[in-house]
2 protein chains.
Amino acid sequence: MPTYQAPVGETLFLLDNVLHYDRYGNLPGFADASRDVVEAVLNEAGKVAEEILQPINASGDREGCKKTASNGVQTPKGFKEAFKAYTEGGWLGLSFPQQYGGQELPYVMTCAVSEYMSSANMAFAMYPGLTAGAVAALLAHANDAIKDKYVPNMISGRWTGTMNLTEPHCGTDLGLLKTKAVPQADGSYIITGQKIFISAGEHDMTDNIIHLVLARIEGAPAGVKGISLFVVPKFVVNDDGSIGAHNNVSLGSLEHKMGIHGNATCVLNYDGARGWLVGEANKGLAAMFVMMNEARLGVAIQGLAQSEVAYQNAAAYAKDRLQGRSLSGAKDPGKPADPIIVHPDIRRMLMEMRAFNEGARAFVLWTALEADILHRSPDEQAKQAADDHLGLMTPVLKGVLSDVGFLNTCNAQQIFGGHGYVGEYGVEQFVRDARIAMIYEGANGVQALDLVGRKLPKDGGRAVMTFFKKVETLTKEEQADPALKPYAEALAKSLGHLQESTMWLMQNAMKNPDNAGAASHEYMHLFGMVALGFMWLKIMKAAQARRGDAGMADKMDAKFTTGKFFFERMLPETGLRRTRIKTGADTMMALTADMF
Amino acid sequence: MPTYQAPVGETLFLLDNVLHYDRYGNLPGFADASRDVVEAVLNEAGKVAEEILQPINASGDREGCKKTASNGVQTPKGFKEAFKAYTEGGWLGLSFPQQYGGQELPYVMTCAVSEYMSSANMAFAMYPGLTAGAVAALLAHANDAIKDKYVPNMISGRWTGTMNLTEPHCGTDLGLLKTKAVPQADGSYIITGQKIFISAGEHDMTDNIIHLVLARIEGAPAGVKGISLFVVPKFVVNDDGSIGAHNNVSLGSLEHKMGIHGNATCVLNYDGARGWLVGEANKGLAAMFVMMNEARLGVAIQGLAQSEVAYQNAAAYAKDRLQGRSLSGAKDPGKPADPIIVHPDIRRMLMEMRAFNEGARAFVLWTALEADILHRSPDEQAKQAADDHLGLMTPVLKGVLSDVGFLNTCNAQQIFGGHGYVGEYGVEQFVRDARIAMIYEGANGVQALDLVGRKLPKDGGRAVMTFFKKVETLTKEEQADPALKPYAEALAKSLGHLQESTMWLMQNAMKNPDNAGAASHEYMHLFGMVALGFMWLKIMKAAQARRGDAGMADKMDAKFTTGKFFFERMLPETGLRRTRIKTGADTMMALTADMF
């Protein structure tokens, strides 16, 4: 059976030594989240993940969600109880305003906790995760009456929330959506249409489900400019907060998916359901996009989370499984064979996962702290810089962490050999679960295009130039340190590849926009590697600084070595990405469609 | 629902124009396999794949194999009938000797056909595939009495066969195996032990199952030198060929796997089963290894096959699905959106798959022809060269085609977006099915180590030097052709990376064998890319030669462009592989096991 241990020590190391959490103390609300509080909360979250969520992960996958005779959905055994424990523990409201029952703690804590929960049970963690997404959308756009009616009950876990965007004929291209909203005399709307791929769209864990639905008000403009956002509860909520009549929204069907079996992915039919407008009419897509950054960061965290739990299980197996002998002579001659961790190719996979996970975790937490600045800082300049960072890094994080996270689960599976292909160790579930993160919340091709088409040129390239400057400054500083010099130089070289590619894009995307599209996937990954390299140089510096502390030498040396591995074996891919980018779109686009 | 069309035209193009099938006419048996016969057989095989096997692929996955009340296995609906049709059509015996009921046709035809069958239904194709493997082992090692008793009934499809190697504590490291064989007075052996991961180990399609089992004769030496091969039928076969008593082999359990649900993966318990020695005592592993090349080529073909069927479905979807507009302006303004094939990132994935599939198919067929030379040529020198080729290329084919084939199924899935994660289009099944090919018949890490540790240094590097020479000669020749020059140069450059890496290995693996292990995965893929480049340069040359033929211009231009894409975007990865190889093992192996 799979195991999981929340890497609380790793999170704290990064907050303390790499991201300097103490420097954020002046942000509103951070005073309540002293270093001690952070540590206590993360430890508690680790326990919830390890003791409540992880034990029902494999069983939830096997059992899956089931359609009931009354057209409802039965979640796997234990999910309902776990959801109760999770929400009663206050985990859903960790960073939400106290006014609505939240704890208003830093968002970086929510992200750290979210990694643990997703590692332990991704399918489960989506229920509170989507509810939090719906809450964020309501807080940002709904009027007070709507907020007061729904948000406290969602934060407390009495109700859950969903996001309804996709329709059978449109996912990425929401301008095509057809779901109709007809205004009523009382100010409500009657919603009619079909939504698909609705995660947590129906279940048996709570009394009500609050759907946020994109629809087109009768007579609204075509395309994305005519889309509005509605709140459509499964059961109408009376003004006194009690639950009223069943609304005309019903389960069309339950999808059979490759993974995340414990989460109900639903077709929902809105047959004249009553809904209420959230925010302004025809501004629904913009309303969704405001919260998209955080939702996408959440998916990036899922990629990291699956990679981490897969790594932990593969490492344990590699130390335990005896098979063959070390190429350099038996390491454990008293046993019938050596543990497979002696084999370099097993090491390669473990080191790749490890180097990715530590760098990616730093990248996530850094970005989460920037979100805290954006949401809490009184300093307009700092807010703008944070907004720039989030806009730029979100597609990179979403695309790269989910792509590489998935490949890492495949590597973990490979370490198990045949035992990884069968259910017994649970590792094939990580592969199946991780796969969705590359697709939902905007497929990774969309992330890549968002990066090159929108985020790069935005504000004259201000965000990207700021990032380049930061990397350049760090590489220059660390080249002065002989121990770090080779890695600072490697990062400078890769930054060069990124800058060269950026320049190429500026010169060639105008000429032919397909050049941007043809480069986008490679550019996103090139960008991600430079960002991870930036993190790793900081981590290595911190590891060096801490290695003299009592009992820290081995751990810090291991960190330093993992960083070396990153710079030697992984970062060089930036050169290849650069080469591919510069081939442009001509050959890629040359064939007519009928030749495929 | 997924679709499949056997690429018979592609196979014939390669045989005719790239591999020059007509030059093999002097090999024994090839006279019966004229170009017309080949075409007819491939067309007929395509029909079997498309009309009999493909229709029960998705249903077979959903239904899976089930344990029956009487401890048997029920295969999915239609499998039994399909197996009857398949074997009655003579497909299992295509290349086996006429003496035993086969048709003795070239092995290259078996490989071409095997691609179609695996694309259409990988789980099904494993039943005849494993039977063919067992037949090959018996033909190579068993005495005439055993051959006569079992082989004709296996070729006719009356019985199937299996290979029993793995035990719970040993897969890769067969030296650890414990299954015991005790000699009896009548010359038979009593076999006791447990075997796991036995594909097609139990089923309801035939009256008997002929297990080939590795076991240790009482008192045999420890390790791999004490392993013998036995034939252990599920039901003892009487001397008159009738089926006798049930042997003491029983189904321990049926594995729940990530994919290939239609194939029964079994734990088999041998509780004093009666078996007969195949070949010499204590030479069982060598006996297995003789047929390993062909079994591994079969797995390489599975990687190609899943990549091909995934490509076909993704291409069809990309032409059909309307979403968004082309970056360079609407391509189909009369429709609500353009088909997604207009998007460069969709093209990127399609072109990568396509370029891989065509190159890989050529690589497979080339190698299959070498196997024909090995098995049929009277010319000792030609046989040796063919044997060298097979030894060298088999791990490359198995490792690279299954690795990249799997990634291609993931790319195909990505093109479907959310629709690729659910069952509806059947594409997620390709991902789950393809995944096993990286693991079984020697995990890809074992292939990589076989390549660098055994195949490279063998006979003073004769095989590898011959291959380098072939590539070098071709690149020199084609540099004279202005249309091919850039690609010939690119291949020469990549060959340089391979030669440089080979030299590095020679110098550094002696110093520290872990350097070979640390480089092996990268080296295998670098090797594979050069081999695919070698194929592509030949294909482009052929495409150029044929473009003037009536009605061929568009197709040949598409081929040429696909080759260009391969050389521009894909082949450059050889430089990165070379860089990684030369980092060596030091950092990779630096951490102590307890730091993981």
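The values are calculated or read from the model by the stated rules, or taken from the named source; none is laboratory data. Bear in mind the structure is a predicted one, so any value in this text is a computation, not a measurement. Reconstructed Cβ throughout: ideal geometry from the backbone, glycine too, with neighbour counts over all protein chains shown. When the accessible area is computed, the model is the full protein with side chains, heavy atoms only, and any ligands, DNA or RNA have been set aside. Shrake-Rupley method; radii C 1.70, N 1.55, O 1.52, S 1.80 Å.
Quick one: compute the contact order of region B:53-163, relative version, from alpha carbon pairs under 8 angstrom and 6+ residues apart, as a percent. List each step's numbers first, then the result.
Working: 133 pairs, mean separation 28.4, N = 111.
Reported as a whole number, the value is 26 percent.
Based on alpha-carbon centroids, what's the gap between region A:3-52 and region A:107-156 in Å, whole number please?
19
Accessible area of region B:397-466 with a 1.4 Å probe: how many percent of it is carbon plus sulfur?
Of the solvent-accessible surface of region B:397-466, carbon and sulfur hold 61 percent.
If I model a spin label as a point 7 Å beyond the Cα along the Cα-Cβ vector, how far apart are those points for A:K493 and B:E44 in nm?
Between A:K493 and B:E44, the simple spin-label model gives 5.9 nm.
How much net charge surrounds A:D557 when only other residues with a Cβ under 12 Å from its Cβ are counted (Lys, Arg +1; Asp, Glu -1)?
Details: positive: A:R546, A:R547, A:K555, A:K559, A:K564; negative: A:D554.
Value of the local net charge: +4.
For chain B, what relative contact order do you get, as a whole percent, if you take Cα pairs closer than 8 Å and at least 6 residues apart?
Values: 1074 pairs, mean separation 74.5, N = 596.
It rounds to 12 percent for chain B.
Using only Cα atoms and rounding to the nearest 10 degrees, what angle (0 to 90) does helix A:380-415 make with the longest principal axis of chain A?
70
Rounding to the nearest 10 and keeping the result within 0 to 90°, find how far the Cα-based axis of helix B:122-141 lies from the longest principal axis of chain B.
Tilt relative to chain B: about 60 degrees.
Shortest first, in nm, what separates the label point of B:E424 from those of the same position in the other copies (7 Å along Cα→Cβ)?
With the label placed 7 Å along Cα→Cβ, B:E424 yields 3.7 nm.
Which whole-number percentage describes the relative contact order of region A:466-592, with Cα contacts under 8 Å and a sequence gap of 6 or more? Numbers along the way, then the final one.
Numbers: 121 pairs, mean separation 41.2, N = 127.
Worked out over region A:466-592, it gives 32 percent.
Report, by chain and number, residues whose modeled amide H sits under 5 Å from the one on A:T68, excluding near sequence neighbours (fewer than 5 apart, same chain).
A:V73, A:Q74
Is there a quick way to get the dipole size of region A:84-175? I mean about its Cα centre, with the Cβ of Lys and Arg at +1 and of Asp and Glu at -1; what is the value in debye to the nearest 20? Walk me through the intermediate numbers first.
Details: 4 positive and 7 negative charges, 48 e Å.
With only Lys, Arg, Asp and Glu charged at Cβ, the dipole is about 240 debye.
Could you tell me the extents of region A:459-587's C-alpha atoms along the three principal axes, largest first, rounded to whole Å?
58, 28, 20 Å, listed from the longest principal axis down.
From the protein chains alone at 1.4 Å, what is the descending order of accessible area for A:K476, B:K564, largest first? Walk me through the numbers before you get to the answer.
On the way: A:K476 135, B:K564 60 Å².
The ordering from most to least exposed comes out as A:K476, B:K564.
Let me cross-check B:C410: its accessible surface, 1.4 Å probe, with only protein heavy atoms counted, in Å² to the nearest 10?
Solvent-accessible area, nearest 10 Å²: 10 Å².
Which whole-number percent of Cα pairs in region B:111-244 have a distance greater than 21 Å? Before the final figure, lay out the partial values.
On the way: 4019 of 8911 pairs.
Summing the P(r) of region B:111-244 above 21 Å gives 45 percent of all pairs.
Would you report the distance distribution of C-alpha pairs in region A:524-595 as whole percents per 5 angstrom bin, up to the bin with the largest distance?
Values per bin, smallest distances first: 3, 14, 18, 14, 12, 10, 8, 6, 5, 4, 3, 2, 1, 0.
Per-residue HN-Hα couplings for region A:70-86, Karplus 6.51 cos²θ - 1.76 cosθ + 1.60 at θ = phi - 60°, whole Hz, x for Gly and Pro?
Calculated HN-Hα couplings, in order: 8, 6, x, 10, 9, 7, x, 3, x, 5, 4, 5, 5, 5, 5, 4, 4 Hz.
Can you list, shortest first and in nm, the gaps between the label point of A:V224 and those of its counterparts in the other copies, using a point 7 Å from Cα in the C-beta direction?
5.9
At A:D271 and B:N248, where each label point lies 7 Å from the Cα along Cα→Cβ, what is the point-to-point distance in nanometres?
With each label point 7 Å from Cα toward Cβ, the separation is 6.4 nm.
Given the pairs A:K455/A:K538; A:K84/A:K180; A:K335/B:K511, which span a C-alpha to C-alpha distance of over 29 angstrom in this model?
Cα-Cα > 29 Å for A:K84/A:K180; rest within.
Run through the other copies and list how far each one's label point is from that of A:G329, in nm with one decimal, shortest first; the point sits 7 Å from Cα along Cα-Cβ.
7.2
With every atom except the alpha carbons ignored, what do you get for Rg and Dmax of region A:432-487, in angstroms?
Rg and Dmax of region A:432-487, Cα atoms, are 17.1, 45 Å.
Where q = 0.06, 0.12 Å⁻¹, what log10 of I(q)/I(0) comes from the Debye formula for chain B, counting one point per Cα?
Result of the Debye calculation: -0.31, -1.29.
In what order, largest first, do B:T75, B:T110, A:T192 sit by accessible area if the probe radius is 1.4 Å? Intermediate results must be reported in sequence, preceding the final value.
Numbers: B:T75 10, B:T110 40, A:T192 60 Å².
Result of the area sort, largest leading: A:T192, B:T110, B:T75.
What size of dipole, in debye to the nearest 20, comes out for chain A about its Cα centre when the only charges are +1 on Lys and Arg C-beta atoms and -1 on Asp and Glu C-beta atoms? If you can, show how the numbers build up before the last one.
Values: 58 positive and 65 negative charges, 230 e Å.
In debye, rounded to 20, chain A gives about 1100.
Considering every residue in A:553-566, what mean count of other chain Cβ atoms within 10 Å of its Cβ is obtained?
On the way: counts 0, 4, 1, 0, 4, 6, 1, 1, 7, 4, 1, 5, 6, 1.
Average per residue, whole number: 3.
Would you report the distance distribution of C-alpha pairs in region B:145-194 as whole percents per 10 angstrom bin, up to the bin with the largest distance?
21, 31, 39, 9
Find out how many positive minus negative residues lie around B:T394, taking Lys and Arg as positive, Asp and Glu as negative, among other residues whose Cβ is under 9 Å from that of B:T394. Can you show the working numbers first?
Numbers: positive: B:R296, B:K398, B:K455; negative: B:E294, B:D450.
So the environment of B:T394 carries a net charge of +1.
Given the rotation relating A and B, tell me which residue in A puts its Cβ closest to the axis and the distance in Å.
A:L576, 2
Report the charge-dipole magnitude of the protein assembly as shown in Debye, nearest 20, computed about the Cα centre from +1 at each Lys and Arg Cβ and -1 at each Asp and Glu Cβ.
Numbers: 116 positive and 130 negative charges, 252 e Å.
Computed about the Cα centre, the dipole is about 1220 debye.
With r defined as the distance between the Cβ atoms of B:Q384 and A:A286 and R0 fixed at 60 Å, what FRET efficiency is calculated, to the nearest 0.05? Don't skip to the end; give the middle numbers.
Numbers: r = 71 Å, r/R0 = 1.18.
Efficiency at R0 = 60 Å is approximately 0.25.
Round to a whole number: what % of the accessible area of region B:73-144 belongs to carbon and sulfur, probe 1.4 Å? Present the calculation step by step, with values, prior to reporting the outcome.
Values: 1090 of 2220 Å².
In region B:73-144, the share of accessible area belonging to carbon and sulfur is 49 percent.
Using a 1.4 angstrom probe with every protein chain in place, what is the largest-first accessible-area order of A:R376, A:R35?
Details: A:R376 40, A:R35 80 Å².
So, going from the largest accessible area down, we get A:R35, A:R376.
Once both axes come from the Cα atoms, what is the angle between helix B:35-47 and the longest principal axis of chain B, in degrees from 0 to 90, rounded to 10?
Rounded to the nearest ten degrees, it is 80.
Given the peptides A:319-330, B:387-398, A:176-187, A:223-234, arrange them by the average over their residues of other C-beta atoms within 10 Å, most packed first. Walk me through the intermediate numbers first.
Working: A:319-330: 16.9, B:387-398: 24.2, A:176-187: 15.1, A:223-234: 21.9.
Taking the mean over residues of other Cβ atoms within 10 Å, the ranking is B:387-398, A:223-234, A:319-330, A:176-187.
How charged is the neighbourhood of A:M465? Take every other residue with its Cβ under 14 Å from the Cβ of A:M465, and add Lys/Arg as +1 and Asp/Glu as -1.
Once positives and negatives cancel, what remains is +2.
Residue by residue through region A:504-521, what is 3J(HN,Hα) from phi via Karplus (6.51 cos²θ - 1.76 cosθ + 1.60, θ = phi - 60°)? Round to whole Hz and write x for glycine and proline.
Those phi angles translate into 4, 4, 4, 7, 10, 6, 5, 4, 8, x, 5, 4, 5, x, 5, 8, 4, 4 Hz.
Find the centroid of the Cα atoms in region A:529-559 and in region A:263-329, then give the distance between the two in whole Å.
28
Ignoring everything but the protein chains, give the 1.4 Å probe accessible area of A:D239 in square angstrom, nearest 10.
It works out to around 150 Å².
Going by average Cβ density within 10 Å per residue, which order do the peptides A:340-353, B:286-299 take, highest to lowest? Before the final figure, lay out each step's value.
Values: A:340-353: 24.7, B:286-299: 20.1.
Sorting A:340-353, B:286-299 by mean packing, highest first, produces A:340-353, B:286-299.
Report the dimensions of the protein assembly as shown along its three principal axes from the alpha-carbon atoms, largest first, rounded to Å.
Principal-axis extents of the protein assembly as shown (Cα, largest first): 88, 73, 65 Å.
Across region A:580-596, in residue order, what do the Karplus-derived ³J(HN,Hα) couplings come to in whole Hz, using 6.51 cos²θ - 1.76 cosθ + 1.60 with θ = phi - 60° and x for Gly and Pro?
So the J values, rounded to whole Hz, are 5, 4, 6, 6, x, 9, 4, 5, 4, 9, 5, 6, 6, 4, 6, 7, 8.
Report Rg/Rh for region A:435-530, rounded to two decimals, where Rg is the Cα radius of gyration and Rh the Kirkwood radius. Can you show the working numbers first?
Numbers: Rg = 15.1 Å, Rh = 14.5 Å.
Radius of gyration over Kirkwood radius for region A:435-530 works out to 1.04.
What 222 nm value per residue comes from the helices of chain A, counting each DSSP H run with n ≥ 4 as -39,500 (n - 2.57) and dividing by all residues, nearest 500 deg cm²/dmol? Mind showing how you got there, number by number?
Working: 18 runs with 305 residues, N = 596.
After summing the helix terms and dividing by residue count, I get -17000 deg cm²/dmol.
Farthest toward the dipole's positive end in the protein assembly as shown, which of B:I539, B:L285, B:F468, given Cβ charges of +1 (Lys, Arg) and -1 (Asp, Glu) about the Cα centre?
So the residue we want is B:F468.
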